[in-house]
Structures are given as structure tokens and as C-alpha cells.
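> Quick one: structure below, then a few questions.
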Amino acid sequence: MKKGDLYFPGKEFKKRAWLKDKSIYKKAEKNPVKFWEELAKELKWSKKWTEVFSHKPPYFEWFKNGKINITENALDENLKKRGEKPALIWEPELTEEKAKILTYKELSKEVNKFANALKKLGVKKGNRVGIYLPMIPEVIIAMLACARIGAVHTLVFSAFSPAALKIRLQDTEAKILITADGYYRRGKVINLKENADAGIEETKVEKVIVVKRAKNEIFWEERRDIWWDEVIENQPDFCQPEIMDSEDLLFILYTSGSTGKPKGCEHTCGGYAVQAKFTGKWIFDWKEDDIFWSMADIGWITGHTYNCYSPLLNGVTFLIFEGAPDWPTPHRWAEIIEKYGVTVFYTAPTAIRMFEKYNGKISESYKFETLRLLGSVGEPFDEAAWQWYFEKIGKKRCPIVDTWWQTETGGILITSLPGIGPFKPSFTGLAFPGVKVDILDDRGKSVRAGKEGNLVLLPPFAPGLFRGIYKNPQKYLETYWTQYGEKIYFTSDAALHDKNGLIRIVGRVDDVIKVAGHRITTGELESAISLHEDITECAVIGKKDEIKGEVPVAFIVSKKTKKPVEQIKKEVIEEIRKEIGPIALPKEVYLVEDLPKTRSGKIMRRILKRLFTGEDLGDLSTLSNPQSVEEVKKVIGL
Ligand code: PRX
């Protein structure tokens with residue numbers, strides 16, 4: 001393929017696809033509210049809504065007064081048609097350990113039992129429950145059990161540090177935490193319980209439910225800790241689903257905020273269920289015989305929506321994997337695809353670049369005959385990685401859906417539809433039917449083709465878009481609804497479109513960096529570094545990286561330290577590991593005398609960034625300390 005070429009789905013693919021005619025876009029555009037209403041009717045509601053979409057800017061509601069329980073749709077509805085069909089395949093990290101397969105019936109039974117167990121522990125509708133679990137079946141069971149009884153789950157990525165866990169537990173005031181003794185990561189046992197014990201200090205957690213996974217030795221607090229197996233013992237197989245209002249909270253998921261404090265995104269029951277169901281069905285084009293594997297961790301929004309709710313709402317078989325895709329061999333991921341006959345595979349550009357680098361050749365010996373559709377998410381998908389994915393994994397046969405969305409949006413909002421296309425490398429595609437987007441310049445005018453601007457969502461947004469930041473309405477307003485007023489959702493992404501309207505995501509316009517697809521703000525890294533007593537000032541920027549897309553680079557100033565440079569750098573890295581976790585570690589830490597600042601004392605991160613990109617530094621005479629730039633240049637070896 002040449003640069004700029006368009007690709008369309010093959011005849012065979014198109015023939016079977018749910019959507020093959022682009023008239024769907026027009027139909028949805030005419031009346032998006034009605035369009036979503038028709039889709040909502042395909043779910044089971046215990047009471048119909050009285051109003052489909054109501055809007056009091058910046059607040060909005062979907063399916064007002066409708067009553068629904070997402071687990072009735074995800075589990076009970078499937079029991080009638082496909083009770084014996086595998087719902088969940090779990091591949092453990094250790095190759096010698098047996099995989100687990102849970103049918104819809106078995107999964108439903110486990111969820112109901114655990115839901116009853118939670119009830120017995122006193123968990124009620126609206127209570128928040130913390131879940132700090134790795135990729136094991138119990139994480140799915142725990143989420144669904146919460147949803148069954150109307151408790152609000154808050155997952156915390158298992159590689160997050162105790163400090164990161166603590167902030168989330170404090171904010172949600174969860175009284176229950178569900179965790180595990182340990183789990184496997186690259187052949188080592190990670191003592192998760194130890195992190196959980198530290199994370200619950202100074203929180204309201206009263207009970208800790210512990211899954212026995214790695215059988216490692218752990219500390220046990222008799223009055224507080226209970227084994228998962230013991231809580232579910234003798235619990236009945238059925239738990240009446242709690243009737244939830246469409247706008248009741250389903251879960252809170254934290255994402256990076258501009259300060260050190262993460263933001264709790266509030267997702268609600270009805271709208272989220274509708275969007276999760278239909279984005280999965282149409283974008284991954286699921287059929288009864290598909291086996292879907294999304295590589296994301298359940299601790300991120302991709303995990304919530306496409307490793308749990310969406311496939312279940314569609315009666316699909318999906319796979320979750322405990323380990324790292326390149327362990328014990330660099331091609332473990334390829335073996336998993338072949339072992340289970342995965343048909344639809346969803347991953348991030350970082351993983352694709354890593355596969356290419358470490359097993360560009362190996363992948364040629366895999367035929368991947370079962371694959372029929374590929375997906376990508378989380379970061380800009382460069383043309384080279386796209387081509388490699390298309391040729392070597394998809395064998396030029398599989399359409400690629402590059403999907404744009406955010407923790408806030410709950411489900412995919414921009415992509416090419418697989419049975420319609422076109423697919424254009426480095427472009428994500430069009431807004432999903434029923435979703436209105438625009439790209440605006442700073443004055444709020446739509447940009448012309450080829451010109452960059454700010455990507456925004458227009459009313460009626462999408463049913464799954466989050467409704468607020470937990471306990472922080474001010475931040476919700478400031479972050480999303482001030483740039484262009486209260487009727488336009490500001491995504492914080494820069495984008496452009498081509499003459500056909502296909503959208504390319506350029507990247508964030510705020511201080512978020514995407515490290516291997518993980519969302520981190522430079523602000524939260526700086527807050528962590530500032531906790532080190534010898535650091536007087538610091539600045540973190542994102543630097544382009546061949547594999548991870550971007551990596552953080554930290555500049556630190558330490559006026560008083562007597563420690564050797566290498567020692568202080570190590571301590572700074574440790575501080576980040578302790579406050580956030582290993583995913584956020586900076587690639588480089590530079591100790592400098594001073595940081596470039598404006599006369600009013602603002603650190604000029606833009607200049608630091610440009611030193612790496614080679615862009616023009618601009619007028620340095622406005623700085624209060626232009627000499628600092630020369631020093632920084634020397635330190636970074638320019
Ligand atoms: O910058 C965009 C980038 O990821 C951000 C959202 O991150 P997060 O909330 O962690 O959710 C990621 C998974 C849904 C966006 O603001 N992003 C997401 N998908 C894409 C993307 N950038 C380019 N292309 C994408 N397909």
C-alpha cells in the first residue's frame with residue numbers, strides 16, 4: 001500500500017458484517033436521539049424510560065426513569081440461548097498451569113454467589129467497593145457481582161502502588177476491598193496483599209476479601225481479612241438483581257488529572273450498557289462463533305468495557321490473560337492467538353511496535369488463520385506500525401479498526417466500521433453513528449480539511465459519556481465544559497480531518513502523556529517527585545519513544561543535596577514507583593542547576609520539550625534565566 005491509500009473490507013468480510021451500508025450514518029445523523037433509543041430497546045429494561053435524552057448543560061441524562069440491571073442483560077439473558085457456551089477463557093501466566101473456561105451458566109452462578117456474599121457482608125446499593133485484582137476470573141466476577149446488587153465498583157490497576165490505591169479508597173470511602181494474595185508477573189510472584197495492606201491504612205476499609213491465587217505467604221488480620229472461597233461457601237446460586245435507575249452509578253474509574261490527584265469518572269447504568277453493547281457488536285462485528293481477545297488490563301477503561309461488559313452483553317466468548325504478552329518467550333501473544341483460535345484481536349500501538357521489534361521474523365511463521373479483524377486503541381497509531389499489523393498479523397486479510405475514545409467516554413466514539421471502511425493508516429475514521437464530533441479552532445470555528453484543531457463532542461454526545469467527577473463538580477466543569485461553553489465537550493485531543501472527513505488524532509493538548517498507551521499526567525509525576533525532601537523544583541515532559549510512543553523525562557533541581565547524582569536520581573525514580581507504580585517511571589532523570597522560567601516564575605516545559613524534538617526554541621529573551629537553557633542542553637548532551 002502507498003501512503004494515503006484507502007483500504008476497504010474484502011467481499012467475504014462485508015457479506016457477513018453487521019453493518020455494510022454507509023447509509024447508517026445518515027440515518028443516525030437525522031435523529032441521533034431516536035437512533036440510540038431504537039438501540040436501547042434491544043436491551044432488557046424492567047421499566048421503560050420516560051425521556052430519552054435530557055440536557056441541562058453541562059449536565060445530561062439518558063433514558064430518564066428507565067430501570068435496568070446490566071448483569072441481567074450480560075448474564076441472565078444469555079442463559080436462555082447460550083448457557084453452555086464459554087463466556088470467559090482465562091489464560092494464566094504460567095504455561096504449565098491449566099487455563100480456566102467459564103460458560104455463561106458457570107459465570108452467572110459465580111457472580112450470583114459472590115453477589116450474595118457481598119450482601120451478607122452488608123454491602124448495599126450505592127456503596128462503593130474497591131477491587132484491586134490482577135487478570136484472573138475473579139476480577140470479572142467481582143465487578144459483575146457489584147453491578148448485580150447495585151454497588152459501585154472502583155477498580156485499581158493491580159500494578160498501582162499502595163499510595164495510588166489509598167488515594168482512590170479514600171476518595172470513594174469504600175468499606176470493602178477485594179484483592180488477592182499474589183499473582184504472577186514474568187515468572188515472579190507479586191505480593192499484592194502486602195500492597196493492599198499498606199494501601200488501606202488511613203481509609204475506611206473494614207473488610208478485605210482475598211482471592212487465593214499464588215498461595216504466597218501473606219500477613220493476615222483475623223478480624224478484617226476473609227478468603228474469597230470462604231465468603232462464597234454455601235451462598236445461593238441466585239441473587240435477585242437490584243433494580244437500578246438508568247442514571248444510577250455503575251462504576252467509578254479514576255484517571256489522571258492535571259494535579260497529583262486522580263479524577264473519579266462516574267459512569268452510569270443505562271447509557272453505558274447501550275453504548276457498550278452496540279459499539280462492541282458493530283465495531284468488532286461479533287458473531288456467535290467469535291473469540292475475542294483484548295490485551296488491555298481490566299484496571300483501565302478498555303478492560304471494563306471490552307474485557308467484561310461489552311462481550312457479555314453480546315453473548316460473545318472473550319479471553320483474558322494474566323501475564324505479560326512477551327513472557328516466557330517474546331511470542332507468547334502469538335501462541336495465545338493460535339491456541340484458542342482468536343478471531344478478533346484488540347491491542348495498542350505500543351504492543352504492535354514491540355511485537356515488530358522483538359519478533360518481526362517469528363510472526364511470519366504464524367499463520368493466524370483464525371483472525372478476521374484487528375483493533376487498536378489508546379495512542380496515535382503510526383503508519384509504519386499500521387502496515388506491519390496489517391501485513392504480518394492480519395496477513396493483508398483483516399480490516400483494522402483504530403478506535404478513539406477515553407476513560408470519560410465509556411466506549412469507542414471514533415473509528416471506521418469494519419464492514420464499511422475505509423481504513424486509512426494513521427486515521428481513526430468517522431464518528432460512530434449517532435455521535436456528533438467536530439474539530440474547532442481556538443475561536444470555536446470548524447477547521448478545514450488538513451488543519452489541526454481541538455476535537456470536541458457535540459450534543460447529544462453519547463449515552464455512555466461519563467456524568468461527572470466524583471465529589472468534584474468544579475473540576476468537571478473546568479476541564480470539559482469551559483473551553484467552548486457548557487454545550488460542547490472538550491476532549492483535550494488535537495485532531496484533523498481529511499477531505500473525506502476521516503479523523504486523525506494528533507495527541508493531547510494538555511499535560512497528559514500516553515506512555516505505552518497508559519494515561520499519565522506530567523503533573524502527577526511532578527507531585528510524586530516533589531515529595532522527595534532534597535528536590536527543590538522539578539519539571540516532567542513527554543519525549544517521543546520508538547516503542548512506547550512517549551516516555552516521561554524528569555528534570556530535577558536540588559540545591560541542598562549532598563548525595564551523589566546517581567543516588568538522587570535513583571531515589572526520584574523510587575519516589576514515583578512508591579507514589580504511582582512501575583508504569584510511570586521516567587526514562588531519564590536529569591539533575592540541573594536551574595529550569596527555564598518566565599519572569600513570573602512559570603517553568604517553561606515547552607522549551608524543555610523542544611530541546612528533544614529539535615523544534616525552534618522561540619524567543620528566549622522573555623525568560624528570567626535564559627542561561628538555564630544552555631546548561632540544560634549540556635546536561636542532556638546537546
Ligand atoms: O489522547 C487520546 C488517546 O488516549 C486518550 C484517552 O486515554 P484513556 O482515558 O487512558 O483511554 C484510553 C483507552 C480508551 C485520548 O484522549 N487515544 C485513545 N485512543 C486513541 C488515542 N489516540 C490516538 N488514537 C487512538 N485510537
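The values are calculated or read from the model by the stated rules, or taken from the named source; none is laboratory data. A quick note: this is a predicted structure, and the numbers were derived from the prediction, not measured. Methodologically, a virtual Cβ is constructed for each residue, glycine included, from the backbone with ideal geometry; neighbour enumeration extends over all protein chains shown. Surface accessibility is based on the protein's heavy atoms, side chains included, excluding ligands, DNA and RNA. Shrake-Rupley method; radii C 1.70, N 1.55, O 1.52, S 1.80 Å.
> Say each of L94 and K357 gets a label point 7 Å from the Cα, pointing the same way as Cα to Cβ; how far apart are those two points in nm?
3.0
> Using 0.36 nm per residue, how much length does the chain from K15 to L121 gain when fully extended, once their Cα-Cα distance is taken away? Intermediate results must be reported in sequence, preceding the final value.
Values: separation 106, 0.36 × 106 = 38.16 nm, distance 5.11 nm.
Working it through step by step, the gained length comes to 33.1 nm.
> Separate question: Would you mind working out the accessible area per residue for the chain, using a 1.4 Å probe, and quoting it in Å²? Each step should come with its number before you reach the end.
On the way: 25700 Å² over 638 residues.
Per residue, the chain has 40 Å² of solvent-accessible surface.
> In addition: Counting helices only, and only those DSSP H runs with n ≥ 4, report the 222 nm mean residue ellipticity of the chain as the sum of -39,500 (n - 2.57) divided by its residues, in deg cm²/dmol to the nearest 500. Mind dumping the intermediate values first?
On the way: 20 runs with 182 residues, N = 638.
Theoretical 222 nm ellipticity from helices: -8000 deg cm²/dmol.
> How large is the direction-averaged shadow of the alpha-carbon convex hull of the chain, in nm²?
Details: hull surface 114.1 nm².
Mean projected area for the chain: 28.5 nm², to one decimal.
> Which FRET efficiency value, to the nearest 0.05, do you get for Q240 and S54 by plugging their Cβ-Cβ distance into 1/(1 + (r/R0)^6) with R0 = 25 Å? Please report the intermediate quantities before stating the final value.
On the way: r = 29 Å, r/R0 = 1.17.
Calculated transfer efficiency: 0.30.
> Can you tell me how the stretch 238-378 classifies by the Cα gyration tensor, rounded, prolate or oblate, using a/c under 1.5 as the rounded cut?
Numbers: a/c = 2.49, a/b = 1.51, b/c = 1.65.
The shape class here is oblate.
> Further, regarding this structure: Which number do you get for Rg(Cα) / (2.2 N^0.38 Å) in the stretch 380-440? If you can, show how the numbers build up before the last one.
Numbers: Rg = 12.4 Å, N = 61, 2.2 N^0.38 = 10.5 Å.
Output field value: 1.18.
> Amide H of T103: which non-local residues (sequence gap of 5 or more, or other chain) have their own amide H closer than 5 Å, using H built in the peptide plane?
A87
> Given a cut-off of 32 Å, name the pairs among K80/K215; K281/K367; K41/K120; K27/K424; K261/K543 whose C-alpha atoms lie farther apart than that in the structure shown. Show your work: numbers first, answer last.
Working: K80/K215 37 Å; K281/K367 26 Å; K41/K120 34 Å; K27/K424 24 Å; K261/K543 23 Å.
Too far apart for the 32 Å limit: K80/K215; K41/K120.
> When the label point is put 7 Å from the Cα of K30 along its Cα-to-beta-carbon vector, which residues of the stretch 422-451 have a backbone N closer than 18 Å?
433-436
> Quick one: pull the percent of accessible area on the chain belonging to carbon and sulfur, 1.4 Å probe, ligands and nucleic acids left out.
Numbers: 13050 of 25700 Å².
The computed percentage sits at 51.
> Scanning the chain for helices, which whole DSSP H stretches are 20 Å or more long along the axis (Cα) and average -1.0 or more by Kyte-Doolittle? Could you put the intermediate results ahead of the total?
Numbers: long enough: 104-120 (24 Å, -1.02); 269-283 (21 Å, 0.15); 565-579 (21 Å, -1.02).
Going by DSSP H runs, the hits are 269-283.
> When the Karplus curve 6.51 cos²θ - 1.76 cosθ + 1.60 is applied with θ = phi - 60°, which whole-Hz ³J(HN,Hα) does each residue of the stretch 488-502 get, with x for Gly and Pro?
10, 7, 8, 7, 6, 10, 8, 8, 9, 10, 8, 5, 8, x, 5
> What FRET efficiency do you get for N500 and D326 if R0 is 35 Å and r is their Cβ-Cβ distance, rounded to the nearest 0.05?
FRET efficiency, N500 to D326: 0.40.
> Same structure, new question: What list of ³J(HN,Hα) couplings, whole Hz, do you get for the stretch 365-372 from phi and the Karplus terms 6.51, -1.76, 1.60, once you set θ to phi - 60° and write x for glycine and proline?
Ordered by residue, 3J(HN,Hα) equals 7, 9, 8, 6, 5, 7, 5, 10 Hz.
> So, how do all the Cα-to-Cα distances of the stretch 473-599 break down into 10 Å bins, in percent, from 0 on up?
12, 34, 30, 18, 6, 1, 0
> Here's something else I'd like to know. Amide H of S416: which non-local residues (sequence gap of 5 or more, or other chain) have their own amide H closer than 5 Å, using H built in the peptide plane?
Under 5 Å from the amide H of S416 lie the amide H atoms of D402, L430, each far enough along the sequence or on another chain.
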